[in-house]
1. Over the chain, what is the relative contact order in whole percent, taking alpha-carbon pairs under 8 Å and six or more residues apart?
2. Where does the chain land on Rg/Rh, using Cα atoms and the Kirkwood Rh?
3. In degrees between 0 and 90, to the nearest 10, how far off the longest principal axis of the chain does helix 47-60 point, with axes built from Cα atoms?
4. Using a 1.4 Å probe and ignoring any ligands, DNA or RNA, find the accessible area of Ser76 and quote it in Å² to the nearest 10.
5. Using only DSSP helix segments of four residues or longer, with each worth -39500 (n - 2.57), what per-residue ellipticity at 222 nm results for the chain after dividing by its residue count and rounding to 500?
6. If you filter the stretch 1-100 for trypsin sites (Lys or Arg not before Pro), then keep DSSP loop positions with at most 12 other Cβ within 10 Å, what is left?
Amino acid sequence: ADGALVHQAAGSPRDSRLELTAALLGRMGRTDAAPLLGAMAEETGSASLRWQALRECLALDSAAGFAALTTLARRSDDPLAAPAGALRAQLLETYPQLAGVARCPV
């Protein structure tokens, strides 16, 4: 009632909006958004925004999401490299067929 900020999903209003948008696209099942979400995950910036985009990309399109996950896992200077590598290893153990997923050479 007093207009005070109760909760913010990220450090900046822009990142909060983008995280919520990524989650909404995922819940709507917008598979056409998967390439954009994968690209968002691979950009520099907020780790929480990038991780949310990656999660939604994986849920919408396994191939695009796994390709983005692999890219993140291979970046030694990226703060998401370790968690991405751990998730990639876990997914490969559970779903070995993902080993054949490669980024389409466009």
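The values are calculated or read from the model by the stated rules, or taken from the named source; none is laboratory data. No experiment lies behind these values; they were computed from the predicted model shown. Virtual Cβ from ideal backbone geometry, glycine too; neighbours counted across all protein chains shown. The accessibility values were calculated without ligands, DNA or RNA, using every heavy atom of the protein model including side chains. Shrake-Rupley method; radii C 1.70, N 1.55, O 1.52, S 1.80 Å.
1. Relative contact order of the chain: 19 percent.
2. 1.03
3. 60
4. Only protein atoms counted, so the area is about 120 Å².
5. Computed mean residue ellipticity for the chain: -19000 deg cm²/dmol.
6. Answer in residue order: Arg74.
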